[in-house]
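*Asks:* This is the structure I want to talk about, given as structure tokens.
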Amino acid sequence: MANVNLRALICAFSVSAGLFSSVALAVSDSSSARQRHPLLALSLEELFELEVTTASRKPEQLADVASAVYIISSEDIRRSTATAVPELLRMAPGVDVRRVDASHWAVSVRGFNGDFVSNLLVLLDGVSVYRPTFSGVNWDELDLDLAEIERIEVVRGPGAATWGVNAVNGVINIITRSSTMSQGNRVSVQYGDNLRPVVGLSHGGKVGERLNYKFSGYFRANGNSDGITDRGDSAADDSWYSRRLEFRADLALNSRDELTLIGRGWNSQRRQISDVFSPVAPLRSHPVGGAEIYGGTVMLALQQQRDWGSRHWQVHYDERSRHELRFNSRDKTLEFELTQLNRLSDHRERVWGLGYRHLSSELEGSFGLWADPDMFREDLFTGFLQESWTLANDRLRLTLGSKIEQSSRVDFNAQPSFKVSYRVDPLTSVWGSVSRAKRTPSRLETHGLFVTADLAEVPIPLFVALQGNSEVDAETLVAYEIGARHRFGNHLSIDMTLFLHDYDELIGVTLNNSPQLQALPAPHALLLIPFSNLEDARLYGVELSSNWKINKKWHIKASYSWSKLDGIGPPQDRIVHNPPEQIFNMNSYLSIGERWELDGNLRYTDKDVSSGVESWWSLDLRLGWHPRDDLKLSLVAKDLLESEHFEYNDSTVTEVSSVGRTAFIRLDWQF
């Protein structure tokens with residue numbers, strides 16, 4: 001990126017800060033706005049000591065975590081302009097979020113973004129939503145009511161030593177509100193451009209003194225995107241509808257044991273324009289069709305607190321199906337986990353766990369997309385052990401651990417890590433880690449075929465197709481990270497991470513094959529491009545985040561990341577996507593008097609060299625009003641700097657639509 005863009009980043013930050021500063025200074029500081037959420041009352045010192053659980057599967061104070069961690073709180077969510085989970089993730093450094101169309105998103109941590117991001121593990125209340133057929137996350141199946149989210153923990157870098165394969169570049173854990181925190185009734189409504197409407201409902205109550213419960217429902221009617229498409233169409237056809245029902249009960253068996261039951265069900269329909277290939281003319285068509293998604297999940301968990309530590313039992317069943325223009329799929333997952341924390345002494349802890357997962361996946365394909373065999377089953381057995389020591393008056397923490405996995409589909413995997421953190425003083429901590437992680441190939445990469453283009457119609461139809469290769473090995477990452485956190489009094493804190501990712505056996509393609517004649521279903525030829533393991537590659541970079549409490553009424557959070565991938569060039573970079581070199585995000589939260597809020601989000605994403613998407617700036621604004629303590633109104637305007645821009649290009653899933661200016665109103669009522 002040219003130096004002028006870096007200067008533009010700095011200037012934009014300074015101008016925005018100055019603009020908000022002038023407004024803030026104009027607001028009387030004599031009486032602070034009332035605290036509507038506990039996090040608003042926390043000082044930076046208290047935020048420094050917040051507990052996170054995703055990094056090592058046990059509670060840790062943020063200042064002592066030997067990983068790059070970012071927390072998106074419920075208050076960040078309430079005051080954001082986001083209407084979908086991926087938009088919230090833009091707050092965290094190192095996270096690349098791109099909208100493909102109204103319901104599709106591409107989300108990655110530390111590069112390798114694409115239609116299916118294979119090296120990012122996403123969890124919902126600690127349960128993986130990773131899909132093995134395409135190696136990735138279907139974000140349209142995570143269309144959550146944002147008001148039901150308590151926090152999101154984003155761990156950048158490998159988490160395989162505790163979470164297993166595919167937790168390569170990061171782990172995102174979306175943690176929803178317990179029924180204890182959801183007592184009473186809530187209604188939220190959003191209406192405006194493309195939101196027609198979005199409605200969230202919840203009711204929480206108690207039975208006796210020990211049982212808390214809640215029911216919640218969510219409905220989204222999303223209109224077509226206002227912008228153009230990547231095929232030059234003047235209007236997109238990507239509307240969609242989503243429905244979701246959830247139930248949760250938390251039962252205190254006694255003072256130390258709690259049983260949790262969660263049930264979720266969802267259904268969505270959306271318009272879809274995809275390339276459909278056929279050996280009979282027309283070879284490529286773009287039908288406007290529909291896609292429908294069904295899913296449901298049940299989880300039962302038992303949390304036991306003991307004098308020696310704690311134990312967590314969890315059993316989970318998940319079933320989901322997708323019916324799209326080119327394929328139908330159905331996945332069933334049954335999973336059991338046991339995690340135990342043993343406090344062996346005042347200076348030593350051990351966390352260990354065992355797990356079993358049975359997966360059944362069926363793919364009913366078409367000429368352009370299929371897998372052989374169409375039915376796939378996998379049994380996965382896992383175990384992990386993590387030992388921690390505190391030394392030097394509890395200022396030095398050492399952690400050594402590994403996860404081992406044995407599957408009916410892939411070879412035995414061991415994924416160790418070593419981490420160290422040191423409290424220099426109450427205001428400063430430093431940390432470092434060395435970790436190993438693996439990413440297993442998807443079904444399509446080992447046993448599938450995916451037609452991507454048609455080259456000729458005569459003398460016979462000729463197509464280009466990505467071909468699965470059963471000899472493809474798992475990708476391997478060895479990551480080196482160092483970081484520091486420092487708090488400047490009670491007004492400013494800085495978090496910095498430097499990382500080097502050393503990849504081996506990255507999965508790409510081989511281009512030296514000749515066309516092969518096929519007789520069925522009609523005579524045609526395929527130029528097969530098989531998946532294969534590439535040479536080594538290196539990704540390195542820096543991530544920064546800051547938390548600046550200017551005064552009692554004005555709060556700014558900002559993040560910046562720079563990264564560079566060496567070793568991958570054309571045409572492999574269309575499979576292994578190069579990351580944008582720079583990503584910047586700033587959120588400003590300003591309370592005006594007792595009842596008003598003015599919030600803004602400014603962000604920048606560098607150009608994507610591999611796909612040709614240009615860099616873009618975006619600015620969102622939110623004006624909030626609280627006429628009563630139980631009623632909140634918001635007016636939101638999004639993407640104000642450009643009439644439209646593309647964030648993605650050349651999707652293999654759907655037609656890409658541009659992002660344009662939108663506005664909507666939001667009402668939240670609690671009673």
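The values are calculated or read from the model by the stated rules, or taken from the named source; none is laboratory data. It should be emphasised that the depicted structure is a prediction, and the values quoted were computed from it without experimental measurement. Reconstructed Cβ throughout: ideal geometry from the backbone, glycine too, with neighbour counts over all protein chains shown. The accessibility values were calculated without ligands, DNA or RNA, using every heavy atom of the protein model including side chains. Shrake-Rupley method; radii C 1.70, N 1.55, O 1.52, S 1.80 Å.
*Asks:* I'd like the full set of residues that are at pLDDT 95 or above and among the charged types (D, E, K, R), limited to segment 607-624.
*Replies:* The answer is 620, 622.
*Asks:* Any residue at all in segment 315-327 that's over 24 Å from residue 128 (Cβ atoms), among the hydrophobic types (A, V, I, L, M, F, W, C) and surrounded by 16 or more Cβ atoms within 10 Å (Cβ to Cβ)?
*Replies:* yes
*Asks:* Kindly check whether there is at least one residue in segment 70-77 that is over 17 Å from the mean Cα position of the chain (by Cα) and either modelled with pLDDT of 95 or more or under 21 Å from residue 552 (Cβ atoms) (or both). Break it down into steps so the answer makes sense when it comes.
*Replies:* Narrowing segment 70-77 to residues over 17 Å from the mean Cα position of the chain (by Cα): 75.
Still in the running and either modelled with pLDDT of 95 or more or under 21 Å from residue 552 (Cβ atoms) (or both): 75.
For segment 70-77, residues over 17 Å from the mean Cα position of the chain (by Cα) and either modelled with pLDDT of 95 or more or under 21 Å from residue 552 (Cβ atoms) (or both): present.
*Asks:* Next question. If you go through segment 469-488, how many residues are farther than 14 Å from residue 429 by Cα, small (Gly, Ala, Ser) and open to solvent by 20 Å² or more (accessible area, probe 1.4 Å)?
*Replies:* Count: 2.
Quick grid of which residues meet (1) in contact (Cβ under 8 Å) with a residue 40 or more places away in the chain; (2) open to solvent by less than 20 Å² (accessible area, probe 1.4 Å); (3) among the aliphatic types (A, V, I, L, M):
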position: 499; (1), (2), (3): yes, yes, no
position: 502; (1), (2), (3): no, no, no
position: 523; (1), (2), (3): yes, no, no
position: 537; (1), (2), (3): no, yes, yes
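*Asks:* Looking only at segment 575-601, how many residues end up being at pLDDT 90 or above and under 26 Å from residue 544 (Cα atoms)?
*Replies:* Of the residues in segment 575-601, 16 are at pLDDT 90 or above and under 26 Å from residue 544 (Cα atoms).
*Asks:* Also: Can you work out which of the residues in segment 541-568 that are open to solvent by 70 Å² or more (accessible area, probe 1.4 Å) and either at pLDDT 95 or above or assigned to a strand (DSSP E or B) (or both) is nearest to residue 450 (Cα to Cα)?
*Replies:* 564
One line per residue, one yes/no per condition, for (1) closer than 30 Å to residue 279 by Cβ; (2) polar (S, T, N, Q); (3) in contact (Cβ under 8 Å) with a residue 12 or more places away in the chain:
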| residue | (1), (2), (3) |
| --- | --- |
| 336 | no, no, yes |
| 339 | no, yes, yes |
| 344 | no, no, no |
| 347 | no, no, yes |
| 353 | no, no, yes |
| 362 | yes, no, yes |
| 371 | yes, no, yes |
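*Asks:* State all residues of segment 624-643 that are open to solvent by 70 Å² or more (accessible area, probe 1.4 Å) and part of a strand (DSSP E or B); if no residue qualifies, say none. Break it down into steps so the answer makes sense when it comes.
*Replies:* The initial filter retains those residues of segment 624-643 that are open to solvent by 70 Å² or more (accessible area, probe 1.4 Å), namely 625, 628-629, 635, 641, 643.
Result: 625, 628, 635.
*Asks:* Residue by residue through segment 83-110, note down the ones that are open to solvent by less than 10 Å² (accessible area, probe 1.4 Å), closer than 21 Å to residue 657 by Cβ and in a loop (DSSP other than H, G, I, E, B).
*Replies:* 100, 101, 103
*Asks:* Going residue by residue through segment 153-169, is there one that turns out to be surrounded by fewer than 22 Cβ atoms within 10 Å (Cβ to Cβ) and free of Cβ contacts under 8 Å to residues at least 60 places away in the same chain?
*Replies:* No, because not a single residue in segment 153-169 is surrounded by fewer than 22 Cβ atoms within 10 Å (Cβ to Cβ) and free of Cβ contacts under 8 Å to residues at least 60 places away in the same chain.
*Asks:* List the number of the failed condition for residue 189; all other conditions in (1) under 26 Å from the mean Cα position of the chain (by Cα); (2) more than 30 Å from residue 136 (Cα to Cα); (3) open to solvent by less than 20 Å² (accessible area, probe 1.4 Å) hold.
*Replies:* Every listed condition holds for residue 189 apart from (3).
*Asks:* Considering only residues that are open to solvent by 40 Å² or more (accessible area, probe 1.4 Å), in a strand (DSSP E or B), without any contact (Cβ under 8 Å) to a residue 60 or more places away in the chain and not acidic (Asp, Glu), which ones fall in segment 420-467?
*Replies:* 422, 424, 430, 434, listed by residue number.
*Asks:* Does residue 513 count as out of contact with any Phe, Trp or Tyr (no Cβ under 9 Å at 6 or more places or on another chain), of a type outside the set (A, V, I, L, M, F, W, C), closer than 28 Å to residue 70 by Cβ and not in a strand (DSSP E or B)?
*Replies:* no
*Asks:* Could you name every one of the strands (runs of 3 or more DSSP E) located completely within segment 252-370 that has at least 3 residues being of a type in the set (D, E, K, R)?
*Replies:* 257-273, 309-323, 328-345, 348-364
*Asks:* Output the residues belonging to segment 114-134 that are at pLDDT below 90 and more than 11 Å from the chain's Cα centre (by Cα).
*Replies:* Hits for segment 114-134 are 114, 115, 116, 118, 131, 132, 133, 134.
*Asks:* As an exercise: evaluate residue 648 against (1) touching a Lys or Arg at 6+ places or on another chain (Cβ under 6 Å); (2) at pLDDT 95 or above; (3) of a type in the set (Ser, Thr, Tyr) and give the number of the one condition it does not meet.
*Replies:* (2)
*Asks:* In addition: Go through (1) surrounded by fewer than 19 Cβ atoms within 10 Å (Cβ to Cβ); (2) in a strand (DSSP E or B); (3) under 27 Å from the mean Cα position of the chain (by Cα) one by one and return the number of the condition residue 602 breaks.
*Replies:* (1)
*Asks:* Whether any residue in segment 129-143 is farther than 24 Å from residue 445 by Cβ, in contact (Cβ under 8 Å) with a residue 24 or more places away in the chain, open to solvent by less than 20 Å² (accessible area, probe 1.4 Å) and aliphatic (A, V, I, L, M) is what I want to check.
*Replies:* The answer is no; no qualifying residue exists.
*Asks:* I'm checking my understanding of the structure. Among residues of segment 365-394 that are touching a helix residue (DSSP H, G or I) at 6+ places or on another chain (Cβ under 7 Å) and surrounded by 15 or more Cβ atoms within 10 Å (Cβ to Cβ), which one is farthest from residue 346 (Cα to Cα)?
*Replies:* Looking at residues that are touching a helix residue (DSSP H, G or I) at 6+ places or on another chain (Cβ under 7 Å) and surrounded by 15 or more Cβ atoms within 10 Å (Cβ to Cβ), I get 371.
*Asks:* Still on this model: Given the conditions (1) among the hydroxyl-bearing types (Ser, Thr, Tyr); (2) over 25 Å from the mean Cα position of the chain (by Cα); (3) under 30 Å from residue 283 (Cβ atoms); (4) open to solvent by less than 10 Å² (accessible area, probe 1.4 Å), report the number of the one that residue 361 does not fulfil.
*Replies:* (2)
*Asks:* Next up: Would you confirm, using the coordinates I've provided, whether residue 258 is modelled with pLDDT of 85 or more, within 22 Å of the chain's Cα centre (by Cα) and surrounded by fewer than 21 Cβ atoms within 10 Å (Cβ to Cβ)?
*Replies:* Here the answer is no, as residue 258 does not meet what is asked.
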